[in-house]
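Q: Below you will find the structure I want to go over with you.
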Amino acid sequence: MIYRQWRGLAKAACAAGYEEHLKTETFPELKTIPGFIDATILRRSLDHAVEFLVVSRWESLEAISRFAGEDLEIAVVPEKVQAMMIEYDRRVRHYEVVE
């Protein structure tokens, strides 16, 4: 099992819109990909922004490639989401579950 981790710092005024995007667009799309298990949104409010950590769980790197393409570590960030962010990871991190 593989965990895929991505971090983004959203403009405070855009935080709710980003969460809505994940729940209504991204997660439903991920559910159609064979090998996707689930995803979690972690959120931390800061003075001027909201930090998000999105962690998705996959059966294998092959399953992730169905979403990300050949370069597994590229962050898949639609233009409308980029506009909501102050900064965000351009590359993701993958972790194998050991136990």
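Nothing in this text is a laboratory measurement; each read-out follows from the coordinates by a stated rule. Since the structure is predicted, the reported quantities are computational estimates derived from the model, not experimental observations. When we count neighbours, we look across all protein chains shown, and the Cβ atoms used for this are built from the backbone with ideal geometry, even at glycine.
Q: Counting alpha carbon pairs within less than 8 Å and at least 6 residues apart, what relative contact order, in whole percent, applies to the chain?
A: RCO, the chain: 44 percent.
Q: Cut-off under 19 Å on the C-alpha distance; same-chain residues fewer than 8 positions from Lys23 excluded. Which aspartates and glutamates are left, in chain and number order?
A: Asp38, Glu51, Glu79
Q: So, one more: Where the Cα atoms of the chain are projected onto their three principal axes, how long is each span, largest first, in whole Å?
A: 37, 26, 21
Q: Which of rounded, prolate or oblate describes region 40-98 when judged by the alpha-carbon gyration tensor and an a/c cut-off of 1.5?
A: Oblate, because a/c is 1.5 or more while a/b does not exceed b/c.
Q: What residue among Leu46, Leu30, Leu61 has the largest mean-square fluctuation in a Gaussian network model of the chain, using Cα springs under 10 Å?
A: The residue that fluctuates most here is Leu46.
Q: Here's a follow-up. Using DSSP to define loop residues, name the GluC sites (Glu not before Pro) in region 26-93 whose beta-carbon has at most 11 other beta-carbon atoms within 10 Å.
A: Here the GluC sites (Glu not before Pro) that fit, given the DSSP loop and packing criteria, are Glu70.
Q: Using +1 at the Cβ of each Lys and Arg and -1 at the Cβ of each Asp and Glu in the chain, identify which of Ser56, Ala83, Phe27 lies farthest towards the dipole's positive end.
A: Ala83
Q: Magnitude of the Cβ-charge dipole of region 2-96, K/R +1 and D/E -1, about the Cα centre, nearest 20 debye?
A: 200
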